[in-house]
Amino acid sequence: MSTEKSLSHLNKSQDELEPLLTDLRRLVIEARDRALRAVDVVQVQTYWQLGRHLVEFEQGGSPRAEYGKRLLPLVADRLTAEFGKGFDVSNLRNMRLFYKSFPKCDALRHELSWTHYRILSRVQSEEARVWYMSEAAEQNWSSRVLERQIGTLFYERLLLSQDKASVAREAEHNIAKVESAPRAFVRDPVMLEFLGLPSSGKLLESSLEEGLMDKLQSFCWNLVRGSPLSRVSSESAQRARIFTSTWSFITIC
């Protein structure tokens, strides 16, 4: 009889704990998601700055004109030797195009990742490019959904269609079929290359989070100490310190 009472009391205690545990899980998941999204912000801003430096160097006049087509291979070799994969000629070309496509850093939407911006930079029309950027941010489109919408000329079809509601409904129905795991973006090979992590499919989530912690801390402190490509303000340095401290707390949780 006493055993039954003990079990009943235990079950009741666990039931009472469940709402608390639900709230705690939600807080940890939301905090981790914000921290991972912050990696996107750092990556996008860094690549925009790299693109700006490349463009401004190329426009520096005749003393620099001698580099010509050799500039990107030379820079790629040096950066790859120092920072690993992710800085090859193709990526540097994407960064340069990114800056040319979005010359105003303040106009960028921080909800979007580098993969989003690589896709957007290929859109020729400035009006369409800005519209897709805004829609992707506001509708929380994954990069796959964004690529699909651009590939099916969603913006152009909306402009030409008299029944815009039907076009929008069809698009919503079609993009619902596109898989998009909430944290899949952090396993993007582009993201892994940026952080210097392996892109193997065997990479465990726990290993991924440890690697993110190590690489992100190192990257942020390198920014604080100063980079040969850009100067970081005291405000940026403080943000880096706060961010690495926050990430450390989140991963411990």
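If r is the Cβ-Cβ distance from V89 to R157 and R0 is 30 Å, what FRET efficiency results, to the nearest 0.05?
Once rounded, the FRET efficiency stands at 0.30.
For L21 and H110, calculate 0.36 nm times their separation in residues minus their Cα-Cα distance, and state this gained length in nm to one decimal.
28.9 nm
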Virtual spin-label span in nm between N174 and R34, 7 Å along Cα→Cβ: 3.7
Over what distance in Å are the Cα centres of segment 110-139 and segment 37-97 separated? 21
Rounded accessible area per residue of segment 58-138, 1.4 Å, Å²: 59
In segment 88-167, carbon and sulfur make up what percent of the accessible area (probe 1.4 Å)? 49
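The values are calculated or read from the model by the stated rules, or taken from the named source; none is laboratory data. All figures in this text were calculated on a predicted structure; none of them were measured in a lab. So basically every Cβ, Gly included, is an ideal-geometry build from the backbone, and we count neighbours across all protein chains shown. Areas reflect the complete protein model, heavy atoms only, side chains present, ligands, DNA and RNA absent. Shrake-Rupley method; radii C 1.70, N 1.55, O 1.52, S 1.80 Å.
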